[in-house]
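Reviewing the structure listed below.
The values are calculated or read from the model by the stated rules, or taken from the named source; none is laboratory data. All values reported here derive from a predicted model rather than from experimental measurement. Don't worry about glycine lacking a Cβ; one is built from the backbone with ideal geometry, like all the others, and counts go over all protein chains shown. The protein model used for the area step is the full one, side chains on, heavy atoms only, and it has no ligands, DNA or RNA in it. Shrake-Rupley method; radii C 1.70, N 1.55, O 1.52, S 1.80 Å.
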Amino acid sequence: GKKLGYTFNNRNFHNVSLGQGQEVVAEQALDLAAKEGHWVILQNIHLVAKWLSSLEKKLEQHSEGSHQDFRVFISAEPAPSPDSHIIPQGILENSIKITNEAPTGMHANLHKALDNFNQDTLEMCTRENEFKSILFALCYFHAVVAERRKFGPQGWNRSYPFNTGDLTISVNVLYNYLDASSKVPYDDLRYLFGEIMYGGHITDDWDRRLCKTYLEEFIRPEMLEGELLLAPGFPLPGNMDYNGYHQYIDDTLPPESPYLYGLHPNAEIGFLTQTSEKLFRVMLELQPRDTSMGEGGVVTREETVKALLEEMLEKLMDEFNIAELMAKVEERTPYVVVAFQECERMNILTGEIKRSLKELDLGLKGELTMTSDMETLQNALFLDMVPDSWIKRAYPSTASLGTWFADLLTRIKELEAWTADFSLPSTVWLAGFFNPQSFLTAIMQSTARKNEWPLDKMALQCDVTKKNREDFASPPREGAYVHGLFMEGARWDAQTGIITDARLKDLTPAIPVIFVKAIPADKQDIRSMYPCPLYNTRQRGPTYVWTFNLKTRENPSKWVLAGVALLLQI
């Protein structure tokens, strides 16, 4: 290509930043440039969604008969989601597109965070040492919270739009506070950064705890004594100039790994596995609808679905007869109430499963007209996915249909065993409930009634035993033994009775039976305890159930940063 000899200060160059009524200016610049062969830069066109169709027409109009040196450059911020793409197709099809990907990995993110400042920033505060140390720690914090998203729910329960504004405003706040007080107000600074600047985005209590914990680790008096590690093998640097800090990152930051975020290497395995499973699921959905089986035999989609449908209908038991069950109960204890609620929910779910399967069966036989609901159900069965109308009436689960249905049958069996005589099972499968909270609350209710304690002053104490469910023949006198829990982010050491580092590639180790009992809240032992969230599934977030205090010899902050949680299903 030939060089056109243009420079940015050339008068043949029009730079228009859109928004605030600049559209008319942009149109005039385009008309002039098309005639004279100038260049036009239109910045931030995402701010003028309504004007984009006029721009498309204008560009089309100038595509013929304009000066051969006429060029248009357009810039826009990336859209937050696929459905908010607003740039007209015509513009996209007729342009050369360049995208600037957000950096990935701590190395790129830390450099990018530091790029928001310069040597002048570092020199602007009289308390140079403190200012530089906290500024660098903030850059590391900013890079960590942004990049931790890639670990899915073990990183953050929900996804947040942290941005460079959070970092630059935090540094301004830091400057103002250091200028105004004689000693460094660490608590105030952490509160402002963690609860307001970054915390302003956060909507989940556990994510708030995580954000606060990072700041407690990174921003504290020890940082000025040269004893602070931002990550294993990465000490907070001493007093350097601006380029020195960039050089320090290149020389000292260990290679990318979950350790840089306080996570265990298993977090990466989990996140990569889930990503590839998602990819395969999409590929499966894109398959042609009828698959030949070779040897001339074709198993149609209908036949596959019909066989599955018949098998399911055959395996589903009758619904629970609640009136009959109520008749044989002498006292409606809190546990009995939970059992009835569970039977009712189970009836609603199995009722819908039977109704929808029978309807589809008639549709496949040609006795009913196929509706879009029946089509959707047929697709789900064929792709081994749990149908939406079942999910709505069920419990949180990430399983495929085959596993989900087997699990449903196990849940029904457990309920049948419990409602046979309503005596509490020797160990209770907590994951088997639609509403595990109601069972845990019932433990507190029955203890409160027995001892005449007020319910709102109660708490649950969980002692992890050294035994498995087979080792228990009867329930405890008070409380309940629960089995079937898993830990993610760490493991439970049964011999020493504490949380300890996970083993590589063992992502969700099982926990022994837990003895859950109710105690007055003020009798809780909270020393050397990690308040561990319990979730229904690995999606965490909205599937939160309860908090169990678990013993730890190490600082609980380690387990907060590692995203350690208990799960009912894996």
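Miscellaneous remarks
- Strands (runs of 3 or more DSSP E) wholly inside the stretch 472-570 containing at least 1 residues that are aromatic (F, W, Y): 480-483, 486-488, 491-493, 514-520, 529-535, 544-551
- If the condition is being without any contact (Cβ under 8 Å) to a residue 24 or more places away in the chain and either among the acidic types (D, E) or assigned to a helix (DSSP H, G or I) (or both), then the stretch 251-271 contributes D251, T252.
- In the stretch 14-32, the residues that are open to solvent by 60 Å² or more (accessible area, probe 1.4 Å) and β-branched (V, I, T): V24, V25
- Condition met for K413 (over 29 Å from the mean Cα position of the chain (by Cα) and either closer than 18 Å to K517 by Cα or among the aromatic types (F, W, Y) (or both)): no
- Set G244, G226, G200: member being of a type in the set (G, A, S) and open to solvent by less than 50 Å² (accessible area, probe 1.4 Å): G244
- Verdict on G270 being under 30 Å from L210 (Cβ atoms) and at pLDDT below 90: yes
- Among the candidates V336, V329, the residue that is in a loop (DSSP other than H, G, I, E, B), over 34 Å from the mean Cα position of the chain (by Cα) and at pLDDT below 95 is uniquely V329.
- Positions within the stretch 401-424 being open to solvent by 40 Å² or more (accessible area, probe 1.4 Å) and either in contact with a helix residue (DSSP H, G or I) (Cβ under 8 Å, 6 or more places away or on another chain) or outside any helix (DSSP H, G or I) (or both), in sequence order: T410, E414, S423
- Each residue in the stretch 178-228 was checked for being within 20 Å of T121 (Cβ to Cβ) and assigned to a helix (DSSP H, G or I), and 10 pass.
- Pairing residues of the stretch 311-338 that are surrounded by 12 or more Cβ atoms within 10 Å (Cβ to Cβ) with residues that are assigned to a loop (DSSP other than H, G, I, E, B), at Cβ distances under 7 Å and at least 6 apart in sequence or on separate chains, gives V329/F422; Y335/L424; V336/V329; V336/F422.
- Selection status of F439, part of a loop (DSSP other than H, G, I, E, B), open to solvent by less than 40 Å² (accessible area, probe 1.4 Å), under 25 Å from N347 (Cβ atoms) and not assigned by the TED database to the domain that holds N549: no
- Filtered by the rule that a residue be open to solvent by 50 Å² or more (accessible area, probe 1.4 Å), part of a loop (DSSP other than H, G, I, E, B) and without any contact (Cβ under 8 Å) to a residue 40 or more places away in the chain, the stretch 77-101 gives E77, P78, H85, N94, I96, K97, I98, T99, N100, E101.
- Residue among R538, R527, R491 that is modelled with pLDDT of 95 or more and of a type in the set (K, R): R491
- Among the residues of the stretch 40-76, those identified as under 21 Å from T99 (Cβ atoms) and either in a helix (DSSP H, G or I) or aromatic (F, W, Y) (or both) are I45, H46, L47, A49, L52, L55, E56, L59, F73.
- Within the stretch 201-226, residues that are without any contact (Cβ under 8 Å) to a residue 12 or more places away in the chain sit with their Cβ atoms under 7 Å from residues that are surrounded by fewer than 21 Cβ atoms within 10 Å (Cβ to Cβ), at 6+ positions apart or across chains, in these pairs: E222/L228.
- Search result, residues across the stretch 346-384 that are touching a helix residue (DSSP H, G or I) at 6+ places or on another chain (Cβ under 8 Å), assigned to a helix (DSSP H, G or I) and open to solvent by 30 Å² or more (accessible area, probe 1.4 Å): I348, K354, K358, E359, L364, D373, T376, F382
- Filter pass, D166 being part of a helix (DSSP H, G or I), free of Cβ contacts under 8 Å to residues at least 40 places away in the same chain and open to solvent by less than 60 Å² (accessible area, probe 1.4 Å): yes
- Total residues in the stretch 466-488, condition on the phi < 0 side of the Ramachandran plot and either among the acidic types (D, E) or buried (at least 18 other Cβ atoms within 10 Å of the Cβ) (or both): 11
- Among the residues listed as Y191, Y214, the single one being at pLDDT 95 or above, open to solvent by less than 20 Å² (accessible area, probe 1.4 Å) and not acidic (D, E): Y214
- Close pairs from the stretch 116-137: first open to solvent by 40 Å² or more (accessible area, probe 1.4 Å), partner of a type in the set (D, E, K, R), Cβ under 6 Å, at least 6 apart: none
- Residue that is nearest to L440 (Cα to Cα) [pool: residues in the stretch 526-541 that are open to solvent by 40 Å² or more (accessible area, probe 1.4 Å) and without any contact (Cβ under 8 Å) to a residue 60 or more places away in the chain]: P531
Per-residue answers, yes or no, for (1) more than 18 Å from A113 (Cβ to Cβ); (2) in contact with a Cys (Cβ under 9 Å, 6 or more places away or on another chain):
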site	(1), (2)
Y245	no, yes
Y248	no, no
L253	no, no
L260	no, no
H264	yes, no
A267	yes, no
G270	yes, no
K278	yes, no
L284	yes, no
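- Every condition in (1) open to solvent by 40 Å² or more (accessible area, probe 1.4 Å); (2) of a type in the set (S, T, Y); (3) touching a residue at least 60 places away in the same chain (Cβ under 8 Å) holds for T427 except the one numbered (1).
- Residue match in the stretch 91-103 (condition: over 36 Å from the mean Cα position of the chain (by Cα) and charged (D, E, K, R)): no
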